[in-house]
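Student: Could you have a look at this structure, given as structure tokens, before my questions?
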Amino acid sequence: MISEKPRVRFAPSPTGYLHVGGLRTALYNYLFAKKNNGTFVLRIEDTDRNRFVEGAIENLIESLKWCGLNFDEGPGTENKFGPYLQSERLQIYKKYAIELIEKKYAYYCFCSTERLEKLKEEQQKLKLPQAKYDKHCLNLSADEINANLENNLPHVIRLNVPLNQKVNFKDIVRGDVEFDTSNIDDQVLIKSDGFPTYHMANVVDDHLMQITHVIRGEEWLSSTPKHILLYDFLGWEKPIFAHLPLLLNSDRSKLSKRQGDVAVEDYRKKGYLKGALINFVALLGWNAGDDVEIYNIESLIEKFSLERVNKAGAVFDMDKLNWLNAEHLRMKSDSELLQLLRDEILKSEFNTLTLPDEYLIAIIRVMKERVSFIREFIDKCTYFYKVPVVYEEASVQKNWKEETPAYMNKLAEKFAGLVNPQKEDFETALTEVATELNIGKGKLIHPLRLAVSGVSTGAGMFDLLFILGKEEVLKRINSAILNIKQTT
Ligand code: GLU
């Protein structure tokens with residue numbers, strides 16, 4: 001437990017959807033905040049107008065809410081440190097950029113795109129490791145600058161990165177990190193459209209919003225030295241940093257859309273339970289140091305610590321996600337599953353059926369151990385929702401012999417005599433018929449399953465009969481006798 005109440009933030013740029021990597025960042029921030037009685041802030045970093053996507057913010061908030069990661073502060077909440085949309089804070093960034101210019105830690109740059117392009121080309125010819133601005137405008141006189149500004153010459157504001165210095169910081173995940181300023185470009189802080197860049201807005205807001213811990217993906221590690229310089233230049237206390245490991249495909253390449261789904265929404269649409277997705281994402285780069293793999297949000301809050309986040313890239317293993325989904329599904333109560341199944345039925349071809357709760361709960365009970373997704377309570381046992389019209393060919397070949405229709409007739413007769421039969425009554429009746437016919441029970445069970453379900457595997461035979469009920473079973477036996485072609 002850390003002493004001060006931490007304030008952490010999830011600071012996505014709204015691209016149109018919540019990436020699973022973003023979900024992992026949001027989750028770790030959330031867990032850290034909840035564990036330490038802190039505050040979880042959602043800040044929208046929407047300063048790149050070229051990447052503006054209509055509805056992206058709403059979509060992002062919706063995905064976070066679906067996952068149960070409710071923020072304490074953010075768009076739409078009480079405005080303590082707000083606004084929480086960077087596009088509504090432009091004057092604030094401008095003010096600090098001017099302060100940096102006054103202190104000579106930043107400067108106006110009026111270089112044209114052509115000049116910058118040429119510079120880049122020259123540097124590429126010289127095979128320099130990276131293109132860097134040559135500080136040309138740092139040498140402009142005050143008069144030149146004023147004249148340019150008065151003439152409304154397009155300009156940016158750049159960070160004046162000192163040469164040949166070391167920037168050090170401690171990262172909770174990566175330990176001591178050091179960068180040489182010679183490799184850092186004079187980063188643009190305010191663009192020619194007056195909008196801040198990510199670096200400027202991010203540091204100003206983390207400071208003003210009193211963020212104590214910056215927990216974000218490893219791809220931002222190389223930006224951190226620029227941020228450290230900004231904190232120092234502005235005379236601000238730095239937050240504690242924790243950079244989370246990269247997410248990898250199973251071939252250890254960086255997780256990409258090309259190899260599978262990356263949006264939380266996609267997983268939601270595919271029927272993953274939010275508890276399973278959260279559990280899975282939590283384990284992408286963190287473990288509690290034991291063998292426990294199944295967590296709910298409460299146990300994650302209890303166990304989570306940044307100190308146990310790994311440095312090594314975390315592989316996104318779909319088999320594990322599927323396994324966790326099945327585990328989480330089984331942890332749900334019958335009534336929770338009933339609600340989820342009803343939602344699923346509404347989306348299916350069976351949405352016009354009126355099915356009583358008891359009927360669906362009976363299906364849930366017999367299928368629970370055999371499914372990994374809610375929709376499989378339908379797809380894996382459609383025979384509970386419709387009369388079979390086709391019969392599995394292999395099973396017909398194997399189990400439906402010349403004598404089978406006669407056996408089935410006998411069974412039907414026996415079943416017809418049962419009054420309000422339970423599962424066991426069907427079983428006893430079948431055993432009796434087998435004895436009367438002097439045959440093994442298998443000669444009845446396999447064709448009977450085929451007759452009532454159309455397939456050869458699925459829910460336990462007598463459960464199946466009980467759930468369908470006597471009348472339905474009789475109907476199905478009779479139609480199978482008529483419809484299944486005998487094999488010789
Ligand atoms: N806006 C950045 C993003 O899209 C935030 C990075 C950070 O957390 O500093 O991920």
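The values are calculated or read from the model by the stated rules, or taken from the named source; none is laboratory data. Keep in mind that this is a model prediction, so the values were computed, not measured. Glycine gets a Cβ as well: all are built from the backbone with ideal geometry, and neighbour counts include every protein chain shown. Side chains are part of the model used for accessible areas, which takes the heavy atoms of the whole protein and leaves out ligands, DNA and RNA. Shrake-Rupley method; radii C 1.70, N 1.55, O 1.52, S 1.80 Å.
Student: 222 nm [θ] for the chain, helices only, -39500 (n - 2.57) per DSSP H run of 4+, per residue, to 500?
Tutor: -13500 deg cm²/dmol
Student: Under the Kirkwood approximation applied to all pairs of distinct alpha-carbon atoms, what is the hydrodynamic radius of the range 160-269 in Å?
Tutor: The answer is 15.9 Å.
Student: Apply the Karplus curve 6.51 cos²θ - 1.76 cosθ + 1.60, θ = phi - 60°, to the phi angles in the range 4-19 and return the couplings in whole Hz, x for Gly and Pro.
Tutor: Per residue, the Karplus-derived 3J(HN,Hα) values read 6, 6, x, 10, 10, 9, 10, 10, x, 8, x, 9, x, 7, 9, 6 Hz.
Student: Using the alpha carbons of the range 1-118, what is the convex hull volume per residue in cubic angstrom, as a whole number? Let's see the in-between values first.
Tutor: Values: hull volume 20.0 nm³, N = 118.
Spelled out: Cα convex hull of the range 1-118, divided by residues, is 170 Å³.
Student: What do you get when you divide the Cα radius of gyration of the range 48-107 by 2.2 N^0.38 Å, with N the number of residues?
Tutor: Dividing the Cα Rg of the range 48-107 by 2.2 N^0.38 Å gives 1.52.
Student: Evaluate the distance, in nm, between pseudo-label points positioned 7 Å from the Cα of A142 and of F350 along their respective Cα→Cβ axes.
Tutor: 8.1
Student: Round to a whole angstrom and tell me the spacing of the C-alpha centers of the range 34-54 and the range 153-195.
Tutor: 22
Student: Do me a favour and compute the ellipsoid semi-axes for the range 73-167 from its Cα gyration tensor, root of five times each eigenvalue, largest one first, whole Å. Walk me through the numbers before you get to the answer.
Tutor: Values: eigenvalues 191, 74, 43 Å².
With the √(5λ) rule applied to the range 73-167, the semi-axes are 31, 19, 15 Å.
Student: Where the eigenvalues come from the Cα gyration tensor of the chain, what are the semi-axes √(5λ) of the equivalent ellipsoid, largest first, in whole Å? Write down the numbers at each step before the final one.
Tutor: On the way: eigenvalues 879, 97, 78 Å².
For the chain, the semi-axes come out at 66, 22, 20 Å.
Student: Right, another one. Report the convex hull volume per residue for the range 385-486, counting only C-alpha atoms, in Å³.
Tutor: Considering the Cα atoms of the range 385-486, their hull volume per residue is 87 Å³.
Student: Another one. Just read off the accessible area of H446 with the full protein assembly in place, 1.4 Å probe, to the nearest 10 Å².
Tutor: 100
Student: Related question: Taking the C-alpha atoms of the range 211-326, how large are the radius of gyration and the largest Cα-Cα span, Dmax, in Å?
Tutor: When restricted to Cα atoms, the range 211-326 yields Rg and Dmax of 16.5, 52 Å.
Student: Using only the Cα atoms of the range 429-483, what are the Rg and Dmax in Å?
Tutor: Over the range 429-483's Cα set, Rg and Dmax evaluate to 11.0, 28 Å.
Student: For the peptides 411-424, 217-230, what is the packing order when you average, over each peptide's residues, the other Cβ atoms within 10 Å and list the highest mean first? Show your work: numbers first, answer last.
Tutor: Working: 411-424: 14.3, 217-230: 19.1.
The packing order, highest mean first, is 217-230, 411-424.
Student: I would also like to ask the following. Sequence-distant or interchain residues sharing an amide H contact under 5 Å with T39, placed H: which?
Tutor: For T39, the qualifying residues are R7, V8.
Student: Here are some pairs, K170/K238; K269/K320; K65/K270; K191/K226; K127/K254; K254/K274; which of them have Cα atoms lying more than 20 Å apart in this structure?
Tutor: Details: K170/K238 11 Å; K269/K320 18 Å; K65/K270 18 Å; K191/K226 16 Å; K127/K254 27 Å; K254/K274 24 Å.
Pairs exceeding the cut-off: K127/K254; K254/K274.
Student: Please state, rounded to one decimal and in Å, the Kirkwood hydrodynamic radius that the range 385-440 gives when every pair of distinct Cα atoms enters the mean of 1/r.
Tutor: When all Cα pairs of the range 385-440 are included, the Kirkwood radius is 12.9 Å.
Student: For E436 and E393, what is the calculated FRET efficiency with R₀ set at 41 Å and r taken between the beta-carbons, to the nearest 0.05?
Tutor: Values: r = 30 Å, r/R0 = 0.74.
So the FRET efficiency works out to roughly 0.85.
Student: Further question: Hey, what does the equivalent ellipsoid look like for the range 9-77, semi-axes from the Cα gyration tensor as sqrt of 5 times each eigenvalue, largest first, whole Å?
Tutor: Each semi-axis is √(5λ); the values are 21, 12, 11 Å.
Student: What fraction of the DSSP beta bridges in the chain is antiparallel, stated in percent and rounded to the nearest 5? Walk me through the numbers on the way to the answer.
Tutor: Working: 16 of 31 bridges.
Close to 50 percent.
Student: How much accessible surface does R24 have with a 1.4 Å probe, in Å² rounded to 10?
Tutor: Result for R24: roughly 10 Å² accessible.
Student: So if I average 1/r over every pair of distinct C-alpha atoms in the range 272-399 and take the inverse, what Kirkwood radius in Å does that give?
Tutor: Answer for the range 272-399: a Kirkwood hydrodynamic radius of 17.0 Å.
Student: Under a cut-off of 28 Å between alpha-carbon atoms, report the lysines in cross-link reach of K441, not counting same-chain residues fewer than 8 places apart.
Tutor: Answer for K441, where 28 Å is the Cα cut-off: K368, K380, K386, K398, K401, K410, K414, K423, K470, K475, K485, listed by chain and number.
Student: Right, here's the next one. I'd like to compare 283-290, 347-354, 295-302: which one has the highest average count of other Cβ atoms within 10 Å, and what's the full order after that?
Tutor: Result, highest mean first: 283-290, 295-302, 347-354.
Student: Next question. Compute, for D72, the solvent-accessible surface of its heavy atoms (probe 1.4 Å) with the complete set of protein chains present, and express it in square angstrom to the nearest 10.
Tutor: Ignoring ligands and nucleic acids, D72 comes out at about 70 Å².
Student: For the range 232-277, what are Rg and Dmax over the alpha carbons, in angstrom?
Tutor: 17.3, 49
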